[in-house]
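Structure first, commentary second.
The values are calculated or read from the model by the stated rules, or taken from the named source; none is laboratory data. The model shown is predicted, which means the values in this text are computed figures rather than measured ones. Positions of Cβ are backbone-derived with ideal geometry, glycine not excepted, and every protein chain shown enters the neighbour counts.
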Amino acid sequence: MRSPKESQVRKLPESGVSRRGFLQGVSLGGGALGAAVLERPAEAAQSGVVGPGEVSITLWVNGKEHELRVEPRVTLLDALRDRLGLTGAKRVCDRGTCGACTVLVEGKAVYACTTLAIDAQGKNIQTIEGMTRGSELHPVMKAFVNNDAQQCGFCTPGFVVAAKAFIDEHPNPTEEDVMNGLGGNLCRCGTYIGIRKAVVEAAKAMGGRNA
Amino acid sequence: MATTVTKTEPIVGKGVRRKEDPRLITGTATYVDDIEMPGMRYAAILRSPHAAAKILRIETSAAAAHPGVVAVFTGDDTRDVGPVPCAASLPGLRAPEHKVLATDRVYYVGHPVAVVVAADRYVAQDALDLIEVEYEPQPAVADPEKALEPGAPAVHPEWPDNRAFTYQHEGGDAAKAFAEADVVVKQRIVSQRLIPTAMETRGVVAAWDAGMRTLTLHSSTQIPHLMRSLVAAMVGMPENRLRVVTPEVGGGFGSKLNVYAEEALLAWISMRIGKPVKWIESRRENYQATIHGRGHVDYYELAARKDGTILGLKAKIIQDCGAYHQLLTPAIPTLSLLMAPGIYRFRNVSAEIIGVFTNCVPTDAYRGAGRPEATHCIERMVDLLAAELKMDPAEIRLKNFPGPDEFPFETGTGLSYDSGDYAAPLKKAMEIAGYEGLREEQRRARNEGRFLGIGISTYGEICALGPSSALPAGGWESATVRVEPSGKVTVATGTSPHGQGEETSFAQIVADELGVDLDDVEVIHGDTGIVQYGIGTFGSRTLAVGGTAIHYACQDLKTKIKQWGAMLLESDDVRFEGGACVCNKTGKSVPLAEIAAAAYRALKLPPGAEPGLVATRFWEPSNFTFPFGAHIAVTEVDPETGQVEIKRYVAVDDCGRIINPLLVAGQIHGGVAQGLGQALYEEAVYDENGQLVTGELMDYAVPKATMVPHIESSHTETPSPVNPLGVKGVGEAGTIGCSPAVVNSVVDALSPLGVKHIDMPLTPEKLWRLIAKGGQA
């Protein structure tokens, strides 16, 4: 799989847009072009402000490079869903409280609803769509099905992605570890009992240390 | 033709994996917000920040001029859109006119005032800020008991007493029962307002086809057909030109058993602008403007002999209706009244419901819908009675159940309980929990100064809604079962499952009936353009009513299959078995696929037969079904923090015959999780000005993974005589059984302090304060 690091995509300069810098830029009235995230390095050198108009960005999602133009305020979730057609991640709370929008950025589970798309440039982004290989389900998905860990399915992609990240960090969890580890995701159907079993089963299937 | 038949093993009763799962688990299922259409526009709704105010002026010109904005509409534009419907009718019901957008007044925080349509969702949201509304705030009232006080602000000025309705019921002779009683216990019990919080908010995509003059409405709903009838009437179009499509639905729990302003509004906008238009509710809107559940303040009195025999009940049910009636708002507390006696033998009931207007979003059906409130009350009252008489709570329950030979059991509220053995799940739960040992452990814990509690709830519920006489839009259900020319089977159900798994349980029924593989059965639902008219999914009815319609359609189909089989086998003595017709004389057989091919090719027809292999049935149930069960919660309260630990949770449920134990377990687990939410964590809080304080998922405590304990689940199986499947329904059982078990347990834990009752939610702060004050509220 190609990754952004091997690619021709421009690396974020050292002075890349931090969240604080972005907010300050916006509060100053914006309008100025610039910032690291723009395609052309010449523009990037101008200032630390982007927007409020659209800027060109490159996102690396599931091993593929996507060039798109978005306003700097567009969240990673909206960019994935509305621009790239990757609708697996869901908008539920839009406040970073429920985990239904969870995607992996550099292997770490993040809330895509509270991540700006421009901040996700130059990073490996993996979504639920990137977890299947053809028709082959990921071991976490198989374990969710085996343990009836989904009902309406709306929180499910977020849970599956979060579970994968959790298992990557904790290859040999107990059900109690799972309870705490997945505390950032909500399921209103109340499938937690199945989810806990599923994650333990998936970890074993993925070759946990003691498995 | 083959001469051997493979008799497949029955699949009904097996915990087969769900057919729904592959699309859900891979993120490829299509929910409303996943739909994109060419030329689609996006709507955003401006809502009232006031609980009560006059609208003096709305200025939309700046919003309309904003780049990317297509249109801005206010209540003046939508005056011709019909009112948001209330299907429930009660004598003397006061029903305020409920327009899709406010006109001269707003009645609750979240009341829709204007709508912006734009090329982009962000732009639509930006433009909302450019609409100026001049409000003149009015006094508001958010508490139903305060709303009933003389001089309270009038929610609707035309009805200054804020009474939406009153409803009374007398069964038996309650006055006599109370006069003859040795003991009467009384308690005020609150079932707080809850926010259903389906993970998927509401959402609508409306697409007008100017050429065909048809409108397609994609909506996240539990009732596609009823929505079609009602929205067509609201926007004044012929019903047969409106198609409602329910894509994947991310949870409903009753909140999508409704027709809301936005569905008609979006339909009207799409017709007006000639483009598809999408609206997806934000979470804040979902909390402010989608119905809430519960909202009861109940006054109960229970009369008994000193041996524990319950003689009668008096109940005053105060239902917070909110500012309007949504589809079933006034009907929900009538379910509480019907269920008020619980599963006990006494028949003397005097009950009254007072429906109250408040400046809050309307209440309506939320998982259990009226029955959790009733069960919570009667189960608390029985515990209060047990405490008063110093009896064991299990013993007093066992003493008051009707026996298994007393069914059908006519209740004092006019119901006829179908079948039951109410002692069986309680005894089983006590056995699993090790009840006697637990009481011993409790004595030891108390000696150590620990607050360990054991709580029992024994519940019944009114399910499989229901006979058409009991439902405003009919209580039957429909099914079409079609064997395709290839022998594959398609089922179209009028129900609208949205997470419960009936694509699987329906397929199990059909696979057994027609002797085909589970994978060869496709279940279609939620598209009024494809499915014959139906009612929908709510009230634990989908399998019991919808599944029965499928069962009967299969019987009709088998009759047809045998006609074709007889012709093909040239025999008048055939049976249908294991997916083939078999000649009883020769043993020769013809498989279903060959029969289907012949039925569609139709070169020769059996006498009196028509081509094709299709059967449609509409099935009307003769009664509700009445599932029941017993839950036992063992809790310990930490006196330092007030935190409740669920140490054990035992659930023994009887939902009649079980088609798929995996799905039943999932429904019980999920139901218990929501009951636990009510018991311990959740409360929709409005302040005295009618502001919703719990307006986001940050503020409203939906149970998380850490909060739901292991559940020791078991069953008894008492078939229902109401339907041939023997099923009763299970969607709401866990929620109904849970909250009284937990609260009874915590009250039991704190009873050494003299605590007799605590209202939900049992937050750590509430319990800590109670303990700190030595049990005095």
Next item on the list: Answer yes if at least one residue in region B:722-732 is surrounded by fewer than 16 Cβ atoms within 10 Å (Cβ to Cβ), modelled with pLDDT of 95 or more and out of contact with any His (no Cβ under 9 Å at 6 or more places or on another chain), and no otherwise.
Entry: no
Notebook entry, point to check: Is it fair to say A:F144 is part of a helix (DSSP H, G or I) and in contact (Cβ under 8 Å) with a residue 40 or more places away in the chain?
Noted result: yes
Check: For region B:479-490, how many residues are touching a helix residue (DSSP H, G or I) at 6+ places or on another chain (Cβ under 9 Å) and surrounded by fewer than 24 Cβ atoms within 10 Å (Cβ to Cβ)?
Finding: 7
Margin query: Just the residues that are under 18 Å from A:L137 (Cα atoms) and either touching a residue at least 40 places away in the same chain (Cβ under 8 Å) or among the aromatic types (F, W, Y) (or both), please, taken from region B:17-36.
Written below: B:R17, B:R18, B:K19, B:E20, B:R23, B:L24, B:A29
Item checked: Residue tally, condition at the interface with chain B (Cβ under 8 Å from one of its Cβ atoms) and surrounded by fewer than 21 Cβ atoms within 10 Å (Cβ to Cβ), over region A:83-96 -> 2
Item checked: Hey, B:P333 more than 13 Å from the chain's Cα centre (by Cα), crowded, with 24+ Cβ neighbours inside 10 Å and not in a loop (DSSP other than H, G, I, E, B) or not -> yes
Notebook entry, point to check: Which residue, of B:V117, B:V183, is touching a helix residue (DSSP H, G or I) at 6+ places or on another chain (Cβ under 7 Å), surrounded by fewer than 17 Cβ atoms within 10 Å (Cβ to Cβ), at negative phi and not assigned by TED's automatic domain parsing to the domain that holds B:P330?
Noted result: B:V183
Check: Do we find that B:Q168 is outside the structural domain of B:V356 (by TED's automatic domain parsing), of a type in the set (S, T, N, Q) and surrounded by 18 or more Cβ atoms within 10 Å (Cβ to Cβ) in this structure?
Finding: no
Check: Right, B:K19: touching a Leu at 6+ places or on another chain (Cβ under 8 Å), within 14 Å of another protein chain (Cβ to nearest Cβ) and more than 19 Å from B:E134 (Cα to Cα) or not?
Finding: yes
Margin query: Tally up the residues in region A:109-136 that are over 19 Å from the mean Cα position of the chain (by Cα) and closer than 25 Å to A:A79 by Cα, please.
Written below: 1
Next item on the list: Can you tell me which residue among B:I736, B:I659, B:I668, B:I758 is in a loop (DSSP other than H, G, I, E, B) and within 30 Å of B:A387 (Cβ to Cβ)?
Entry: B:I758
Next item on the list: Search region A:178-211 for residues being more than 17 Å from A:C155 (Cβ to Cβ) and hydrophobic (A, V, I, L, M, F, W, C), and hand back the single one that is modelled with the lowest pLDDT.
Entry: A:A211
Margin query: Being charged (D, E, K, R), facing another protein chain (nearest Cβ under 9 Å) and either in a loop (DSSP other than H, G, I, E, B) or in contact (Cβ under 8 Å) with a residue 24 or more places away in the chain (or both) is the requirement here; does B:E688 meet it?
Written below: no
Item checked: Residue within region A:161-175 that is surrounded by fewer than 21 Cβ atoms within 10 Å (Cβ to Cβ), over 30 Å from B:G254 (Cα atoms) and within 11 Å of another protein chain (Cβ to nearest Cβ) present -> yes
Check: When you scan region B:691-716, how many residues do you find that are in contact with a Leu (Cβ under 8 Å, 6 or more places away or on another chain) and outside any loop (DSSP other than H, G, I, E, B)?
Finding: 2
Check: What are the residues in region A:113-124 that are in contact with a Phe, Trp or Tyr (Cβ under 9 Å, 6 or more places away or on another chain) and either part of a helix (DSSP H, G or I) or not assigned by TED's automatic domain parsing to the domain that holds A:H66 (or both), if any?
Finding: A:I118, A:D119, A:A120
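Residue-wise test of (1) in a strand (DSSP E or B); (2) surrounded by fewer than 18 Cβ atoms within 10 Å (Cβ to Cβ).
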| position | (1), (2) |
| --- | --- |
| B:A71 | yes, no |
| B:R79 | no, yes |
| B:C86 | no, no |
| B:R94 | no, no |
| B:A102 | no, no |
| B:V113 | yes, no |
| B:V141 | no, no |
| B:E149 | no, yes |
| B:P160 | no, yes |
Next item on the list: Could you please let me know if B:F451 is among the aromatic types (F, W, Y), more than 23 Å from B:L242 (Cβ to Cβ) and not assigned by TED's automatic domain parsing to the domain that holds B:L750?
Entry: no
Item checked: Any chance A:G88 is within 30 Å of B:P38 (Cβ to Cβ), part of a loop (DSSP other than H, G, I, E, B) and either in contact with a helix residue (DSSP H, G or I) (Cβ under 7 Å, 6 or more places away or on another chain) or not assigned by TED's automatic domain parsing to the domain that holds A:C189 (or both) -> yes
Item checked: Condition check for B:Y300: over 25 Å from B:H525 (Cβ atoms), surrounded by fewer than 24 Cβ atoms within 10 Å (Cβ to Cβ) and hydroxyl-bearing (S, T, Y) -> yes
Next item on the list: Answer yes or no as to whether B:R272 is away from chain A (no Cβ under 14 Å), over 17 Å from the mean Cα position of the chain (by Cα), outside any loop (DSSP other than H, G, I, E, B) and surrounded by fewer than 24 Cβ atoms within 10 Å (Cβ to Cβ).
Entry: yes
Checklist line | Test: residue in region A:125-134 that is β-branched (V, I, T), at the interface with chain B (Cβ under 10 Å from one of its Cβ atoms), in contact (Cβ under 8 Å) with a residue 12 or more places away in the chain and not in a helix (DSSP H, G or I) | finding: yes
Notebook entry, point to check: Which of the residues spanning region B:209-225 are under 17 Å from B:E36 (Cβ atoms) and crowded, with 24+ Cβ neighbours inside 10 Å?
Noted result: B:L217, B:H218, B:S219, B:S220
Checklist line | In region B:230-251, residue surrounded by the most Cβ atoms within 10 Å (Cβ to Cβ) [restricted to those that are small (G, A, S) and touching a residue at least 60 places away in the same chain (Cβ under 8 Å)] | finding: B:G250
Checklist line | Some residue of region B:627-640 being touching a His at 6+ places or on another chain (Cβ under 9 Å) and either of a type outside the set (K, R) or within 11 Å of another protein chain (Cβ to nearest Cβ) (or both) | finding: yes
